[in-house]
Amino acid sequence: MRIGVLGAGQLGRMLALAGYPLAKTFVFYDMSGSPSAGLGEVIIDREGQYLDDFLSRVDRVTYEFEHLPVEVAEKLAKEKPVHPCPRALQVCQNREAEKTLFGQLGIPTPEWKIADSAESLKAAAEELGCPVVAKSITEGYDGKGQAVLKDPEEAEGAWESIGHQRLIVEKFVNFKREVSIIAVRAEDGDLAFYPMAENTHHEGILRYSIAPAPGLERHVQEDAERYIRALLNELDYVGVLTLELFETEDGLVANEMAPRVHNSGHWTIEGAMTSQFENHIRAVSGHPLGNVAPRGLSCMINIIGEHGDIERILELPYAHVHLYNKGERPGRKLGHVNILADSYEELVWRVRNCAQFLPGCPEFKSSLTPKG
C-alpha cells in the first residue's frame, strides 16, 4: 500500500519508519520547501501545482502537520481515503471552533472569550480576571502566537506582539501539572487508549514526557478516555488523536487537541507494545490496532537547538536515541531520547544522567521530584 503524507518533517519520518515493516511505501507532499523527513519520495510543491501528481502516486492519505490548507485535504478526499478526515483538520486549525466543540461534548475548558482588537482584548482580560492567556485563533504552535497578560493594561503590547486579527483569550488555569492522552481509532470504530503522560514544557516547548504519568488516579485516566472518545466518535476519526490537558484540584481541563501523532507520544516507540506511529499506520491502512500497553516506565527527553554529546548518550544502556537529520538552530527539535526504567526512582536518576549531555536542557522536575 502506498501512503501519502501531507508534510515532510520528523513526524512523517517516524511514521514511515513504523510503516516499512508493514510493507508500506511513502510519498511526502511538502508545501514549505524545507522537507526534513530524509526518506521516501518527497514532492515539493509550494504553489499546489503537483497535487494531482501526488494523488496518482498514493492509495491513502494522512498528515503529520495540521497547519496546511483544509481545501487541499478536501480535494484529496474526493479521490482517495484521507485519514483523519478534513473536518478534524478544520476544527484543530481554529481554536474558537475547537473550544466550541469541546463545550458541546461536555469537555471542560478554561473560561474563554474572543478578542478582535486591543480594546476587546483588554475588556476580555478585565472580565475574565488576570492572568489570562491570549492566543491566535489560527496557526501558532510550540508557544508561538500567544502571550500571557498579568494586567489588562498589557493588552496593547500583547495584541501587537501576537499580530493576528482574532484572538482567543483564556483564563489562566491553576494546574498541578500538564498531561496528555493519546488515542487511536480504527476504520471499524475500534478504540485504543495509551496511558496518560505527564509533560514538562520550557519556553513553550515540550522537554520531558513521563508515561505512565506517575501518581495518576484511575478515575483521571477514565475521564480523559471519555473526553477523547467523544471527540473521536463525533469526528468519525481514523488514526491517532492527542488531547492536551491540565490536571487541577477539581479534575481535568482541556487545553487543545492535535489531529496526528504527537511529541508527547514519542515514548511509545520503545515504551509501548505498539508505538503511536505504527498504530496510526495500522488505522489509516484499515488494519486492526496494536496493543497499547506500556513496557514498564518511560521518559522522553526532547533534543532542542543543539545535539549535545550524542556519543556519551549512546553509551547509556537504557537510552534510545532518535535523531531527525536536522541542522542545529535555536528552538529547533533535533531529536529525542527515550529512557526506560523499572521504577520511577530509577527513571529520575537515569533521566538526569542523560540530560547532563544535552546543552540547555532544563533541570528535570516533575511530580516525581521535590519542587523548589
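The values are calculated or read from the model by the stated rules, or taken from the named source; none is laboratory data. Given the structure is predicted, the values throughout are model-derived calculations rather than measurements. Ligands, DNA and RNA are stripped out before the accessible areas are found, and what is left, the full protein with its side chains, is counted by its heavy atoms. Shrake-Rupley method; radii C 1.70, N 1.55, O 1.52, S 1.80 Å.
Of the Cα atoms belonging to the stretch 145-196, the radius of gyration and Dmax stand at 18.1, 52 Å.
Kirkwood hydrodynamic radius (Cα pairs, Å) of the chain? For the chain, the Kirkwood estimate is 21.3 Å.
The candidates Tyr63, Tyr50, arranged from most to least accessible area with a 1.4 Å probe in the full protein assembly, appear as Tyr50, Tyr63.
Remark: the stretch 10-26, residue by residue, has Karplus-estimated 3J(HN,Hα) of 5, 5, x, 4, 6, 4, 5, 4, 7, x, 4, x, 9, 6, 8, 10, 10 Hz, where x stands for each Gly or Pro and the curve is 6.51 cos²θ - 1.76 cosθ + 1.60 at θ = phi - 60°. Amide H contacts of Thr109 (H built 1.01 Å from N, in plane; Pro and chain starts excluded): Ala254 sit under 5 Å, all sequence-distant by 5 or more or on other chains.
Considered as an equivalent ellipsoid built on the Cα gyration tensor, the stretch 27-70 has semi-axes of 14, 13, 12 Å, the largest given first.
Ordered from highest to lowest accessible area with the whole protein assembly present and a 1.4 Å probe, Arg13, Arg95 read as Arg13, Arg95. In this structure the amide hydrogen of Phe26, modeled in the peptide plane, comes within under 5 Å of the amide hydrogens of Ile3, Glu41, none closer than 5 places in sequence on its chain. Relative contact order of the chain, taken over Cα pairs closer than 8 Å and 6 or more residues apart, is 14 percent. Taking Asn199, Asn233, Asn338 as the candidate residues, the one with maximal mean-square fluctuation in a Gaussian network model of the chain, Cα springs under 10 Å, is Asn233. Close amide H pairs (under 5 Å, H built 1.01 Å from N) link Ala192 with Val184, residues at least 5 positions away or on another chain.
When the chain is treated as a GNM with alpha-carbon contacts under 10 Å, the residue of Ile182, Ile162, Ile137 showing the greatest mean-square fluctuation is Ile162. Our coupling estimate for the stretch 75-86, obtained by passing each phi through the Karplus curve with A = 6.51, B = -1.76, C = 1.60 and θ = phi - 60°, is 5, 5, 5, 6, 10, 9, x, 10, 10, x, 5, x Hz, Gly and Pro reported as x. Note on exposure: Asp52, Asp188, Asp59 ranked by accessible area (1.4 Å probe, complete protein assembly) read Asp188, Asp52, Asp59, with the most exposed listed first. Coordinate range of the alpha-carbon atoms in the stretch 258-339 per principal axis, descending: 40, 27, 17 Å.
Hey, any idea what % of the chain's accessible area is carbon plus sulfur with a 1.4 Å probe? Here it works out to 46 percent. The relative contact order of the stretch 311-372, computed from alpha carbon pairs under 8 Å that lie at least 6 residues apart in sequence, is 26 percent.
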